[in-house]
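The values are calculated or read from the model by the stated rules, or taken from the named source; none is laboratory data. Computed from a prediction, not measured in an experiment: that's the story for all the values here. We place every Cβ from the backbone using ideal geometry, glycine too, and count neighbours over all the protein chains shown.
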Amino acid sequence: MLMALALHRHNRSYINLSANRIEKGRPNGLPFLFSRPMPCQLWIYWCIIIFLILPPNAYPQPQESQRGIEIKETAQPPDITIKGDYWALIIGINKYPNLPAKWQLEGAVPDARAVKDMLIKKYGFAEERVVFISDEQATRKGIITWLRELSKSIKEQDNLFIYYAGHGVYESESESGWWIPSNAELEDTSSYISNAEIRDAIRTIKAKHILTVADSCFSKSLLGGATRSLGEQSIKQVYQDKSRQVITSGGLKPVLDKGEGGHSVFANSLLRLLDSNQDKYLTSSEIFPKLRDSVSNATSGDQVPVSGVITGVGDENGDFIFINNKLAKAVEPAATETLKTKEDEIKFQEQQRRLEEETKKKLEEVKREMEKMKLEAERAIQEEREKLEQERIARDREQKRLEDERKRLEEERKKKEKRWNAPPVAPAF
């Protein structure tokens with residue numbers, strides 16, 4: 001450093017020491033070496049000599065922890081304990097029977113299935129706690145029913161991941177957004193699932209962490225305007241506090257359905273990030289910046305994912321944590337009361353089908369009853385018409401009889417008048 005300083009100031013003839021000020025012609029009692037100003041070159045030689053004479057331990061030694069990039073232990077704590085179970089509701093919709101051909105999708109169901117497989121194989125989601133519904137199962141009733149059933153089964157320490165791939169609709173005037181279930185009717189918002197309904201359903205779920213990932217058009221409207229930056233918070237900190245987050249594939253614009261690998265651009269980027277992760281713990285806040293940049297670059301900025309908090313449903317600034325099953329042993333799942341086995345899931349599906357059949361049967365009965373009422377009404381109207389026609393005929397007959405009677409009386413009157421007006425006939429003798 002001294003050499004650098006001397007070279008930096010090579011244009012000056014003498015060195016002025018700040019600790020012992022030496023002015024030309026004024027010795028201050030120091031040894032002869034420093035009693036008068038020294039030429040610059042001589043000062044450099046003395047610095048080199050001192051550097052060679054001093055022992056190595058006289059200089060501060062760098063610590064090994066300061067080399068390279070330090071990975072803080074707080075970022076990947078070895079002792080974090082995930083107490084609850086991991087649940088997932090995966091929804092993918094390609095087929096919309098009641099909508100025009102241009103509304104039909106190709107990539108939503110493969111995207112949803114790939115996300116499901118990733119969660120089970122790499123992130124330790126138990127298959128019996130992963131609910132996968134698609135197309136004809138993903139009706140308005142089916143989606144809302146599963147959200148209600150999960151709210152009954154999920155405990156306070158559990159975690160829920162919701163993935164939706166399908167159509168979305170946004171109305172700018174009311175600033176309202178909807179998910180479009182498979183049985184939706186064109187331009188009939190009552191057959192859609194509003195963002196308010198989704199928020200209400202999430203509000204009733206007692207889970208510690210809920211992450212909703214929506215790969216649909218206009219999905220930003222689910223956010224409610226809140227965003228978050230976690231900064232330097234550790235995994236342990238964000239796990240302790242509840243979270244209600246959402247990652248959407250875009251803002252208030254249409255998003256692409258199909259891209260590389262048969263998946264949407266958003267789903268493909270998400271799957272690659274989850275698959276390439278080599279850390280034991282991965283938070284949604286770590287995923288999002290990479291996901292946003294990947295999708296934005298792939299679409300030349302036409303599609304930019306958005307992340308934030310679902311407001312008004314209990315978020316406490318926590319974060320959803322994925323556990324890499326290949327690097328960490330999952331804690332034994334806590335016992336749950338319902339939907340814990342395949343048999344429970346099959347039983348519920350059978351119950352749902354039975355309810356749908358009963359509803360269909362009742363609708364058919366109502367339809368038959370309405371047909372019957374319609375026929376009875378038509379028959380009553382016909383009978384009334386016939387009755388009126390008969391009354392009309394009777395009136396016509398009565399009028400004709402009266403007219404005939406009038407004519408007969410008129411003829412009799414004329415005969416009488418003729419008889420009275422006739423000249424008297426002389427009696428014959």
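Couple of notes before you dig in:
Yes/no per residue for (1) closer than 12 Å to LEU89 by Cα; (2) in contact with a Phe, Trp or Tyr (Cβ under 6 Å, 6 or more places away or on another chain); (3) assigned by TED's automatic domain parsing to the domain that holds HIS209; (4) surrounded by fewer than 23 Cβ atoms within 10 Å (Cβ to Cβ):
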{"site": "LYS122", "(1), (2), (3), (4)": "no, no, yes, yes"}
{"site": "PHE125", "(1), (2), (3), (4)": "yes, yes, yes, no"}
{"site": "ARG140", "(1), (2), (3), (4)": "no, no, yes, yes"}
{"site": "LEU147", "(1), (2), (3), (4)": "yes, no, yes, yes"}
{"site": "GLN157", "(1), (2), (3), (4)": "no, no, yes, yes"}
{"site": "GLY177", "(1), (2), (3), (4)": "no, yes, yes, no"}
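- Count of residues meeting criterion [within 14 Å of the chain's Cα centre (by Cα) and at pLDDT below 90] in segment 179-198: 2
- When the residues of segment 326-384 are filtered to those that are among the β-branched types (Val, Ile, Thr) and under 30 Å from TYR281 (Cα atoms), the one that is modelled with the highest pLDDT is THR341.
- Check on LYS387, at pLDDT below 90 and surrounded by 10 or more Cβ atoms within 10 Å (Cβ to Cβ): no
- Among the candidates ARG244, ARG272, the residue that is at pLDDT 90 or above, out of contact with any Pro (no Cβ under 8 Å at 6 or more places or on another chain) and not in a helix (DSSP H, G or I) is uniquely ARG244.
- Taking first residues from segment 147-169 that are within 20 Å of VAL213 (Cβ to Cβ) and free of Cβ contacts under 8 Å to residues at least 60 places away in the same chain and partners that are among the polar types (S, T, N, Q) and not in a strand (DSSP E or B), the Cβ contacts under 7 Å between residues at least 6 apart in sequence or on separate chains come to SER151/THR204; GLY168/SER216; GLY168/SER219.
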